[in-house]
Amino acid sequence: MSMAWFVKIERGIVDKPRFDQFVGAHIDYVNSLIGKGHQARSGYWAERGGGMLIFQAESMEKAKSLVEADPLIENNCVDYELHEWCIVAEPKS
């Protein structure tokens, strides 16, 4: 089954010391998604205050469950939007 791309756009809602408590666990979680074939990439905006996670999943339902398992979500550190990303141009293989 081919997987669709999804984008989680997030905005921090807690102070930096609380947020930073969960960054290591978030990175470990993203690395676990990579290991499971979800092609995940995560980062923050240069101006701080938010970031983005791009990943593949089988469905919107599965994408939501993956996002909800992220330690930043589980610990109420961010608000987020989740979108399926429909790619219209990409490198040719």
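Just the residues that are on the phi < 0 side of the Ramachandran plot and more than 15 Å from the chain's Cα centre (by Cα), please, taken from the range 20-50.
Asp20, Gln21, Ala46, Glu47
Those residues that are in a helix (DSSP H, G or I), of a type outside the set (Val, Ile, Thr) and under 25 Å from Ser2 (Cα atoms), I need them from the range 58-85; list them, please.
Met60, Glu61, Lys62, Ala63, Lys64, Ser65, Leu66, Glu68
Just checking, which of Phe55, Phe19 is aromatic (Phe, Trp, Tyr), over 23 Å from Ala4 (Cα atoms) and either touching a strand residue (DSSP E or B) at 6+ places or on another chain (Cβ under 9 Å) or outside any helix (DSSP H, G or I) (or both)?
Of the residues listed, the single one that is aromatic (Phe, Trp, Tyr), over 23 Å from Ala4 (Cα atoms) and either touching a strand residue (DSSP E or B) at 6+ places or on another chain (Cβ under 9 Å) or outside any helix (DSSP H, G or I) (or both) is Phe19.
Does the range 48-67 hold any residues that are under 21 Å from Val14 (Cβ atoms) and either surrounded by 14 or more Cβ atoms within 10 Å (Cβ to Cβ) or among the polar types (S, T, N, Q) (or both), and which are they?
Across the range 48-67, the qualifying residues are Gly50, Gly51, Met52, Leu53, Val67.
Cβ contacts < 7 Å: first residue closer than 16 Å to Cys77 by Cα, restricted to the range 21-39; second residue assigned to a helix (DSSP H, G or I), any location; separation 6+ or different chain. Result?
These pairs meet every condition: Phe22/Pro71; Phe22/Leu72; Ala25/Pro71; His26/Pro71; His26/Leu72; Tyr29/Pro71.
Could you list, in sequence order, all residues of the range 22-43 that are closer than 22 Å to Cys86 by Cα, part of a loop (DSSP other than H, G, I, E, B) and not small (Gly, Ala, Ser)?
Answer for the range 22-43, where residues must be closer than 22 Å to Cys86 by Cα, part of a loop (DSSP other than H, G, I, E, B) and not small (Gly, Ala, Ser): Lys36, His38, Gln39.
Quick check: anything in the range 6-15 in a loop (DSSP other than H, G, I, E, B), closer than 13 Å to Pro71 by Cβ and in contact with a Cys (Cβ under 8 Å, 6 or more places away or on another chain)?
Yes: one or more hits.
Within the range 44-51, is there a residue that is touching a residue at least 12 places away in the same chain (Cβ under 8 Å), assigned to a strand (DSSP E or B) and within 11 Å of Leu82 (Cβ to Cβ)?
No; the residues of the range 44-51 include none that is touching a residue at least 12 places away in the same chain (Cβ under 8 Å), assigned to a strand (DSSP E or B) and within 11 Å of Leu82 (Cβ to Cβ).
All of the numbers you see were taken from the coordinates with simple rules; none came from a lab. Quick caveat: nothing in here was measured; it's all calculated off a predicted structure. FYI the Cβ positions are ideal-geometry reconstructions off the backbone, even for glycines, and counts take in every protein chain you see.
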